[in-house]
1. When segment 57-67 is examined, which residues are found to be surrounded by 11 or more Cβ atoms within 10 Å (Cβ to Cβ) and without any contact (Cβ under 8 Å) to a residue 12 or more places away in the chain?
2. Modelled with pLDDT under 95 and not basic (Lys, Arg): does that describe Ile18?
3. Name every residue in segment 18-28 that is touching a helix residue (DSSP H, G or I) at 6+ places or on another chain (Cβ under 9 Å) and not small (Gly, Ala, Ser), in order of residue number.
4. Out of (1) hydrophobic (A, V, I, L, M, F, W, C); (2) loosely packed, with under 12 Cβ neighbours inside 10 Å; (3) assigned to a helix (DSSP H, G or I), the odd one out for Ile44 is which?
5. Picking from Val73, Val31, Val60, Val52, which residue would you name as being in contact with a Pro (Cβ under 8 Å, 6 or more places away or on another chain) and in a helix (DSSP H, G or I)?
Amino acid sequence: MSQDTVLTIMRSALMTTIITSAPPLLMSLVVGLIVSIFQTITSINEQNLVFVPKILAVFVSILIFGALMMSGVQDLFIELYGNLIDYIK
């Protein structure tokens, strides 16, 4: 297996990881910012107040975008498994 092939596989895997993890991370970021603004306005300094909404946002985003995320991982797996013979040579 050549170095270019390895770099192509790594690039595909990294892009799939970034695209797959983006929806939950972005939802967590947005909810964290909203809760932080709420805490600033109300002067509440409770650390646990941020945790529960973020977890719920991540679960909801996985429910909404789960099929899209799974199809990206599935496409990568099918591509790698389909070219396995070429990679072994």
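The values are calculated or read from the model by the stated rules, or taken from the named source; none is laboratory data. Note that the coordinates shown come from a computational prediction; the quantities given were computed from them, not determined experimentally. Backbone-built Cβ (ideal geometry, glycine too); neighbour counts: all protein chains shown.
1. Filtering segment 57-67 for residues surrounded by 11 or more Cβ atoms within 10 Å (Cβ to Cβ) gives 57-62, 64-66.
Matches in segment 57-67: Phe59, Gly66.
2. Values: modelled with pLDDT under 95: no; not basic (Lys, Arg): yes.
In short, no.
3. The answer is Ile19, Thr20, Pro23, Pro24, Leu25, Leu26, Met27.
4. That leaves (3) as the condition not met.
5. Values: Val73 fails: in contact with a Pro (Cβ under 8 Å, 6 or more places away or on another chain); Val60 fails: in contact with a Pro (Cβ under 8 Å, 6 or more places away or on another chain); Val52 fails: in contact with a Pro (Cβ under 8 Å, 6 or more places away or on another chain).
Residue meeting the stated conditions: Val31.
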